[in-house]
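Enquirer: Have a look at the structure that comes next, please.
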Amino acid sequence: MIKKLVTITLLGIFLFGCGVKHRVTYADKNKKAPRATKKKPNAKKHTDDGGLYPMPEDTGEFVRIEISSIDQYIETFAEVAQLEMKAYGIPASITLAQGLLESGFGKGELALKTNNHFGIKCHTGWQGDYDFYDDDEKGECFRKYNHPIYSYRDHSLFLTNRSRYAFLFDFRSNDYRRWAKGLRKAGYATDKRYPQKLISLIETYQLYNYDRPATGSTHRQNDPLLTQRSSIHIVQEGDTLYSISKKYLVSVDALKKMNHIEGSNIAIGQELAIKTEKNNK
């Protein structure tokens, strides 16, 4: 089960001198964020983007997790990473390794100030809260979340909704080495040793064991769309949404809606709920 969250009072540190350049000096609070809108507390309640699994309600209060070790970080976020893998096809090992590295296992200053565990900057169109830190340039705008789990969901959306990462989803979900190298190739990080650092974390802490589906129950089991399904299709190599839709005589749009797929990417081994037109009669 996803761990309960408590306030943390530990000082921020970096993981292994990771070199991802989060120098995180608190910058000018009066500086305007480029192309981002400061969100007032409680301005909008967080939803779980289609009921993929139960996420905590955004009450407008900033919540931290008490993390004292790398092992505790992994224990806290492993199931979240697995559920995100099931929903979006990103290997849990990669997500966990990125979270460990980018956040200093939850104790880096950026993570403590913003619950941003992946160092995601504001970018054009970001409508959420934000804060400023020195990174590649002084006083850059970083996304801020009231709950760290929202950071995990935003990480999934960040990778799946940008075309430059699309080729990664052609890799097997257990091929963490190709994913690590692909992230660097796609420009996720400027650090030339970024892939090696991710691979080292994955192999040192055996994070590849989490690239198997989570065994715990999820909110999807109570999804009214899924209760109407007639079967489950396991995605195989070469499958596309179009080919699956033709096989089961169901539209691509219906297939995407039933499985809460926003783009067109699916992953090998991913389970897709199928409700065919034949069974609708």
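Enquirer: Can you give the FRET efficiency to the nearest 0.05 for Arg177 and Ile234, using r as the Cβ-Cβ distance and R₀ = 30 Å?
Expert: On the way: r = 23 Å, r/R0 = 0.78.
The calculated FRET efficiency here is 0.80.
Enquirer: How far apart, in nanometres, would the label points at Ser163 and Lys138 be if each is projected 7 angstrom from Cα along the Cα-to-Cβ direction?
Expert: Those two pseudo-labels are separated by 3.6 nm.
Enquirer: Let me make sure I get this right: for segment 67-203, a, b and c are the square roots of the gyration tensor eigenvalues over alpha carbons, sorted descending. Under 1.5 in a/c it's rounded, otherwise prolate if a/b > b/c, else oblate. Which is it? Walk me through the numbers on the way to the answer.
Expert: Details: a/c = 1.40, a/b = 1.20, b/c = 1.18.
Rounded is the answer for segment 67-203, as its axis ratio a/c remains below 1.5.
Enquirer: Which FRET efficiency, nearest 0.05, do Ser243 and His123 yield, Cβ-Cβ r, R0 22 Å?
Expert: On the way: r = 33 Å, r/R0 = 1.50.
Taking R0 as 22 Å, the efficiency between Ser243 and His123 is 0.10.
Enquirer: Label Gln206 and Asp170 with points 7 Å out from Cα along Cα→Cβ: what is the distance between them in nm?
Expert: Between Gln206 and Asp170, the label points sit 3.4 nm apart.
Enquirer: Using the structure shown, select from Lys107/Lys197; Lys121/Lys185; Lys144/Lys197; Lys192/Lys257; Lys86/Lys181 the pairs with a Cα to Cα distance greater than 28 angstrom. Write out the running numbers ahead of the final one.
Expert: Working: Lys107/Lys197 18 Å; Lys121/Lys185 18 Å; Lys144/Lys197 25 Å; Lys192/Lys257 39 Å; Lys86/Lys181 21 Å.
Among Lys107/Lys197; Lys121/Lys185; Lys144/Lys197; Lys192/Lys257; Lys86/Lys181, the Cα-Cα distance tops 28 Å for Lys192/Lys257.
Quick note: the coordinates plus some simple rules give every number you see, no bench work behind them. Predicted model only: the values in this text are computed from it and were never measured. In this analysis, Cβ positions are derived from the backbone assuming ideal geometry, glycine residues included, and neighbour counts consider all displayed protein chains.
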